[in-house]
Amino acid sequence: MIAALAREWRLLAGPARLGLIVLAALASVAVALGLADAAATRADIARVGALEARETQSIAAFAKGDAGEFGYYRNFPVWRAPGDLAFLAPARGDAVPAVMRIRILALEGQINDNEAANPELLLTGRFDFAFVTLYLAPLLLIALLHDLWSGEREAGRLAALDSLPRARHRLWSPRVVLRAGGVALALLVPLAVGGLIEGTAPLRLGAAAALVLASLGFWMIVTLGVARVHAASATQAAVLAGLWFAITLVVPAAAHLAINAAVALADAAAIARENREEVHAGWDRPKAETMARFVALYPAYRDQSANGTAFEWKWYFAFQQLGDDAVVTDSVARDAGIARREAWAQRLGWLLPPLKAAQTMQQLAGSDVTADLAFKTQVRVFHRRLREYHYPYMFGGRPMDDTDVAGAPDFATFLSPVGTNGTDLGL
């Protein structure tokens with residue numbers, strides 16, 4: 001078999017070799033960009049953590065133990081740290097940024113108004129390893145295999161080659177293995193290098209490699225099936241190009257539009273606007289009304305609620321929370337709608353193997369819709385814990401000393417191996 005593979009490599013046309021080299025180069029660039037993106041996100045996480053520590057010291061200089069001052073000015077970093085396979089398909093940042101700083105003011109406006117990735121840049125898509133594997137590699141595989149028999153037929157050699165003893169074993173199998181194996185190696189070698197650099201767990205790296213092979217296996221079966229049909233090589237190439245276009249682009253795009261039309265979502269900007277308007281209305285609403293609504297949620301502070309006409313931090317943060325409560329139904333409904341859309345997309349993926357491969361690769365990378373929703377849930381639960389940590393100081397009237405400031409919930413300690421997956425968040 002080795003000798004047969006060496007013979008087929010010598011017979012492989014120059015453009016085919018160049019195609020394999022270019023694919024390997026593109027896969028390497030995609031992995032390098034993914035690694036750089038993951039490194040940049042980790043650097044941002046470290047940077048905002050250091051910035052928060054310095055800011056907290058500065059706030060302590062003028063807050064002088066006032067919990068309201070701390071609550072208003074202090075920023076708490078939250079993030080979604082890249083996993084060991086994040087370089088496969090980095091998070092786009094169009095749903096929620098990977099790194100944010102939040103305050104214990106009304107949260108929904110902070111989430112929905114937060115600066116995300118530039119939407120115009122997102123229109124072109126992201127060049128990553130998943131794109132190379134799922135969109136570009138099949139095209140090269142089609143180019144290498146579509147004329148396996150028709151090319152020989154058109155050259156007048158097919159009958160003679162088929163008449164050779166054990167032709168399938170000695171000729172056609174090595175030819176298929178070399179070409180399909182070359183495409184696989186062009187992808188798997190950069191993947192392995194990226195996994196080694198990231199320290200990816202062997203089982204997870206193996207799962208990613210299996211996904212690459214499964215995707216290539218699907219297209220190899222489709223291509224060889226069309227290649228066996230008695231037709232001109234140009235016709236076979238056109239049919240396969242049409243199948244690739246339909247399976248990878250047209251059908252998923254049409255299904256995406258249909259799913260979006262069938263499952264309506266509340267507009268995120270409208271939720272942020274309603275949240276902001278409710279908060280601003282708190283300034284004009286009677287203080288007694290605001291506090292009555294707040295203590296209905298937190299009866300323990302009934303005897304310590306704000307009163308009188310003077311400004312009090314406890315009243316201010318009470319209507320901040322009421323601003324979030326006013327849009328919680330719409331916010332939950334929006335996330336549930338997104339989850340329903342994703343569920344329908346996953347069902348469609350079982351009918352379109354390339355789409356399922358793309359979805360699974362995003363899941364391995366931690367950049368799928370489920371990961372976005374889980375992160376938003378983490379942020380909301382963490383924000384609630386921050387509020388409830390500060391409320392006893394605001395309503396009890398006791399100052400926050402350095403120990404109390406340092407004891408505020410921290411996102412790094414809030415995360416846990418279970419909570420990181422969004423399954424143990426105290427909901």
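Could you order the peptides 406-412, 394-400, 104-110, 257-263 from most to least packed, using the average number of other C-beta atoms within 10 Å per residue? Before the final figure, lay out the partial values.
Numbers: 406-412: 14.4, 394-400: 17.1, 104-110: 22.6, 257-263: 12.3.
Per-residue Cβ counts within 10 Å, averaged per peptide and sorted highest first, yield 104-110, 394-400, 406-412, 257-263.
What 222 nm value per residue comes from the helices of the chain, counting each DSSP H run with n ≥ 4 as -39,500 (n - 2.57) and dividing by all residues, nearest 500 deg cm²/dmol?
Working: 19 runs with 286 residues, N = 427.
Rounded to the nearest 500, the figure is -22000 deg cm²/dmol.
Under the Karplus relation 6.51 cos²θ - 1.76 cosθ + 1.60, θ = phi - 60°, what is the ordered set of whole-Hz ³J(HN,Hα) values for region 206-217, x standing for Gly and Pro?
x, 5, 5, 5, 4, 5, 4, 5, 5, 4, 5, x
Once phi is turned into θ = phi - 60°, what whole-Hz ³J(HN,Hα) does the Karplus curve with 6.51, -1.76 and 1.60 give for every residue of region 225-230, x standing for Gly and Pro?
For region 225-230, the Karplus curve yields x, 6, 5, 6, 6, 6 Hz.
Hull surface divided by four, with the convex hull built on the Cα atoms of region 273-326: how many nm²?
Numbers: hull surface 13.3 nm².
Its average projected convex-hull area is 3.3 nm².
Report Rg(Cα)/(2.2 N^0.38 Å) for region 279-394, keeping two decimals. If you can, show how the numbers build up before the last one.
Details: Rg = 20.5 Å, N = 116, 2.2 N^0.38 = 13.4 Å.
In units of the globular-protein estimate, region 279-394 measures up at 1.53.
With N residues in region 224-263, what two-decimal value do you get for its Cα radius of gyration over 2.2 N^0.38 Å?
Values: Rg = 14.5 Å, N = 40, 2.2 N^0.38 = 8.9 Å.
Computed over Cα atoms of region 224-263, the ratio equals 1.62.
Give me the compactness ratio for region 218-330, meaning the Cα radius of gyration over 2.2 N^0.38 Å. Before the final figure, lay out each step's value.
Working: Rg = 29.6 Å, N = 113, 2.2 N^0.38 = 13.3 Å.
With N residues counted in region 218-330, Rg over 2.2 N^0.38 Å equals 2.23.
Mind listing the phi-derived Karplus ³J(HN,Hα) values for region 398-414, rounded to whole Hz, using 6.51, -1.76 and 1.60 with θ = phi - 60°, and x for any glycine or proline?
Calculated HN-Hα couplings, in order: 8, x, 9, 8, 4, 5, 5, 5, 5, x, 4, x, 10, 5, 5, 7, 5 Hz.
Please give the direction-averaged projected area of the C-alpha convex hull for region 293-353, in square nanometres with one decimal.
Details: hull surface 24.5 nm².
Averaged projected area of region 293-353's Cα convex hull equals 6.1 nm².
Longest span of the chain, sites excluded, free of trypsin sites (Lys or Arg not before Pro) in DSSP loop with at most 11 other C-beta atoms within 10 Å?
Numbers: sites that count: Lys64, Arg157, Arg166.
The segment 167-427 is the longest one with no such site.
Over the chain, what is the relative contact order in percent, taking alpha-carbon pairs closer than 8 angstrom and at least six residues apart? Present the calculation step by step, with values, prior to reporting the outcome.
Numbers: 471 pairs, mean separation 99.1, N = 427.
Contact order relative to length: 23 percent.
What shape does the chain have by the C-alpha gyration tensor, where a ≥ b ≥ c are the square roots of the eigenvalues, rounded means a/c under 1.5, and otherwise prolate means a/b greater than b/c and oblate the rest? If you can, show how the numbers build up before the last one.
Details: a/c = 4.00, a/b = 2.60, b/c = 1.54.
Note, shape of the chain comes out prolate.
Check Leu415: other-chain or 5+ apart residues with amide H under 5 Å from its amide H, H built from backbone geometry?
Answer set, sorted by chain and number: none.
Reported to two decimal places, what Rg/Rh ratio describes region 179-247 when computed on Cα atoms with Rh from the Kirkwood expression? Intermediate results must be reported in sequence, preceding the final value.
Details: Rg = 15.6 Å, Rh = 13.8 Å.
Rg/Rh: 1.13.
Taking the convex hull of the alpha carbon atoms in region 167-284, what volume per residue do you get, in Å³? If you can, show how the numbers build up before the last one.
Working: hull volume 23.8 nm³, N = 118.
It comes to 202 Å³ per residue, whole-number rounded.
Bear in mind these aren't lab numbers, they're just calculated from the coordinates by the rules spelled out. From a predicted model like this one, the values you see are computed outputs, not experimental measurements. In this analysis, Cβ positions are derived from the backbone assuming ideal geometry, glycine residues included, and neighbour counts consider all displayed protein chains.
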